[in-house]
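Read the structure below first, then the notes.
The values are calculated or read from the model by the stated rules, or taken from the named source; none is laboratory data. Only a predicted model underlies this, so the values are computations on that prediction, with no experimental measurement involved. Positions of Cβ are generated from backbone atoms using ideal geometry, with glycine treated the same way; all protein chains shown enter the neighbour counts. Please note that ligands, DNA and RNA were not included when accessible areas were found on the heavy atoms of the full protein model with its side chains. Shrake-Rupley method; radii C 1.70, N 1.55, O 1.52, S 1.80 Å.
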Amino acid sequence: MPQKTYIHKPSQASNERRWHLIDAKGQVLGRMATKAATYLRGKHKRTYTDFVDCGDFVVITNCAQIRLTGNKLEQKHYFSHSGYAGGAKTMPMSRQMERDPRKVVFLAVKRMIRNNRLRGKQLARLKIYPSEKHPHTALAAKKVA
């Protein structure tokens, strides 16, 4: 008895996109980022195909009020390098949360998605806001935790 593998068509995937609203207030950063990455990739759908961009839109609100476990606020650092000699920069997570908490959430979600050609398209559907207000109220109908 032959079994057939289902392959989702890219034209179908763009028509079936939904909006998910995640309230990050009091949620642990890693667990919330995992949930967002799952929705962005489309792994929650029955029609998931790994090489087709079949994910949904994700709106994350209250990212300034996320919860971090352990001593990450003091011990975790973000590293960047300009490419020049002596161009290394490190920034503690506490200072990054003061400056722009959206970047902390964005990097957490970005690093949970595989580094391939689809990652940029999937991250373009991620909308992050530091407070409760966002312009996607009519679209983001399904509230997720």
Filter pass, residue 89 being in contact with a helix residue (DSSP H, G or I) (Cβ under 9 Å, 6 or more places away or on another chain) and among the basic types (Lys, Arg): no
Number of the exception - residue 83 against (1) on the phi < 0 side of the Ramachandran plot; (2) of a type outside the set (Phe, Trp, Tyr); (3) open to solvent by 30 Å² or more (accessible area, probe 1.4 Å); (4) not in a helix (DSSP H, G or I): (1)
Count of the range 1-43 residues which are outside any helix (DSSP H, G or I) and either in contact (Cβ under 8 Å) with a residue 12 or more places away in the chain or of a type in the set (D, E, K, R) (or both): 20
Residues of the range 58-77 classified as in contact with a Leu (Cβ under 9 Å, 6 or more places away or on another chain) and open to solvent by 30 Å² or more (accessible area, probe 1.4 Å), total: 5
Hits in the range 44-68 - residues which are part of a helix (DSSP H, G or I) and among the aromatic types (Phe, Trp, Tyr): none
Pairs with Cβ under 6 Å, 6+ apart, first in the range 113-129 and free of Cβ contacts under 8 Å to residues at least 24 places away in the same chain, second part of a helix (DSSP H, G or I): none
In the range 86-136, the residues that are acidic (Asp, Glu) and assigned to a loop (DSSP other than H, G, I, E, B): 100, 132
Output for the range 1-55, where each listed residue is in contact with a strand residue (DSSP E or B) (Cβ under 9 Å, 6 or more places away or on another chain) and of a type in the set (Phe, Trp, Tyr): 19, 39
Selection count, the range 102-122, where residues are open to solvent by less than 30 Å² (accessible area, probe 1.4 Å) and in contact with a Cys (Cβ under 9 Å, 6 or more places away or on another chain): 2
Members of the range 23-50 that are buried (at least 16 other Cβ atoms within 10 Å of the Cβ), among the β-branched types (Val, Ile, Thr) and modelled with pLDDT under 95: 49
Failed criterion for residue 55 (all others in (1) surrounded by 15 or more Cβ atoms within 10 Å (Cβ to Cβ); (2) out of contact with any Leu (no Cβ under 7 Å at 6 or more places or on another chain) hold): (2)
Check on residue 142, modelled with pLDDT under 95, within 13 Å of residue 22 (Cβ to Cβ) and open to solvent by 40 Å² or more (accessible area, probe 1.4 Å): yes
